[in-house]
Amino acid sequence: MLALYTYFRSSAAYRVRIALNLKGLAYDSLPIHLVKDGGQHRSAEYRAINPQALVPSLRDGEHTLTQSLAIMEYLDEAYPDTPALLPRSALERARVRALAQVVACEIHPINNLRVLRYLSDDLAVTEAQKTAWYQHWVAEGLQALEAMLANHPATGQFCHGEQPGLADCCLIPQVFNAQRFGCPLDAYPTIGRIVQACAPLPAFAQAAPAAQADAQ
């Protein structure tokens, strides 16, 4: 049985929840609260699971995996008889990975909770300055992602073709967070269309923060 260490509002954990659902893989949800008790992810017990003290972590039998992109690609390789998150050809896989990494490697790392806390607690920036920081980097990333999607013939109903996959797993949580922080999204019509296509699908709806047992 798979077990996912998760937090309802973590976009990285949200990605993996979508991926597990798309592949039809059952899993136990093990909430790790990032705020309570000074952050449960900081505990010695959780650091023994994930030395980075981040979510998600995925336990598969005796093995534990970290980093959301690595986890999702592992699921594709370890469970090949379930729907694929990546396309078949090398060129197509490279495109999907690039789309996913715009979110996971460019936008998200400088806007995640620990960075925002550092801005507030250590650098003493105002809430307005922190929001401006967040919105600036989201806009930088989504502008590039919109161009990559809008101008490519492989873009279909979803980021790549007519089935949701790895890139969509990354896109939807990022848009959710952008909406939380009041980021204007009207300039990204292709992204908006893809979000609308994903939203009603059970794999995405069941992975949404509000649908999690630890949602607040």
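For segment 196-216, the tally of residues that are under 27 Å from Ile32 (Cβ atoms) and surrounded by 13 or more Cβ atoms within 10 Å (Cβ to Cβ) stands at 11. Within segment 77-107, being farther than 19 Å from Thr155 by Cα, free of Cβ contacts under 8 Å to residues at least 40 places away in the same chain and either crowded, with 20+ Cβ neighbours inside 10 Å or not hydrophobic (A, V, I, L, M, F, W, C) (or both) holds for Glu77, Pro80, Asp81, Glu106.
Tallying residues that are of a type in the set (A, V, I, L, M) and without any contact (Cβ under 8 Å) to a residue 40 or more places away in the chain within segment 1-49 yields 7.
Scan segment 88-96 and tell me whether some residue there is modelled with pLDDT of 95 or more, in a helix (DSSP H, G or I) and within 16 Å of the chain's Cα centre (by Cα). Don't jump to the end; show me each part of the working.
Step one: list which residues in segment 88-96 are modelled with pLDDT of 95 or more, which gives 89-96.
Those still in the list that are in a helix (DSSP H, G or I) too: 90-96.
In the following step, the residues that additionally are within 16 Å of the chain's Cα centre (by Cα) were identified as 96.
Taking every residue of segment 88-96 in turn, at least one turns out to be modelled with pLDDT of 95 or more, in a helix (DSSP H, G or I) and within 16 Å of the chain's Cα centre (by Cα).
Might you let me know whether segment 1-22 holds any residue that is of a type in the set (Val, Ile, Thr) and out of contact with any helix residue (DSSP H, G or I) (no Cβ under 9 Å at 6 or more places or on another chain)? Within segment 1-22 (the criterion being of a type in the set (Val, Ile, Thr) and out of contact with any helix residue (DSSP H, G or I) (no Cβ under 9 Å at 6 or more places or on another chain)), the answer is no, since none of the residues qualifies. Within segment 147-168, residues that are in a loop (DSSP other than H, G, I, E, B) reach partners that are charged (D, E, K, R) with beta carbons closer than 8 Å, at six or more positions or on different chains, in the pairs His152/Arg95; Ala154/Glu92; Ala154/Arg95; Gly156/Glu162; Phe158/Asp168; Cys159/Asp168; His160/Glu92; His160/Arg95.
Could you pull out every one of the helices (runs of 4 or more DSSP H) wholly within segment 1-81 that has 2 or more residues that are among the hydroxyl-bearing types (Ser, Thr, Tyr)?
Of the helices (runs of 4 or more DSSP H) lying wholly inside segment 1-81, those with at least 2 residues that are among the hydroxyl-bearing types (Ser, Thr, Tyr) span 11-22, 68-78.
Residues of segment 118-146 being of a type in the set (A, V, I, L, M) and touching a residue at least 40 places away in the same chain (Cβ under 8 Å), which ones? Val138, Ala139, Leu142, Ala144, Leu145, listed by residue number. Which one of these is at negative phi and surrounded by fewer than 16 Cβ atoms within 10 Å (Cβ to Cβ): Gln135, Gln129? Exactly one of Gln135, Gln129 is at negative phi and surrounded by fewer than 16 Cβ atoms within 10 Å (Cβ to Cβ), namely Gln129. Looking at segment 164-172, can you tell me whether even one residue there is at pLDDT below 95, under 25 Å from Leu113 (Cα atoms) and touching a helix residue (DSSP H, G or I) at 6+ places or on another chain (Cβ under 6 Å)? No, segment 164-172 has no match at all.
Here is a check on your reading of the model: is Gly61 at pLDDT below 95, surrounded by fewer than 18 Cβ atoms within 10 Å (Cβ to Cβ) and of a type in the set (Gly, Ala, Ser)? So Gly61 does not fit the description; no.
Inside segment 101-146, residues that are under 25 Å from Pro56 (Cα atoms) and either in contact with a strand residue (DSSP E or B) (Cβ under 9 Å, 6 or more places away or on another chain) or part of a loop (DSSP other than H, G, I, E, B) (or both) make up a count of 2.
The values are calculated or read from the model by the stated rules, or taken from the named source; none is laboratory data. Computed from a predicted structure; not experimentally measured. Don't worry about glycine lacking a Cβ; one is built from the backbone with ideal geometry, like all the others, and counts go over all protein chains shown.
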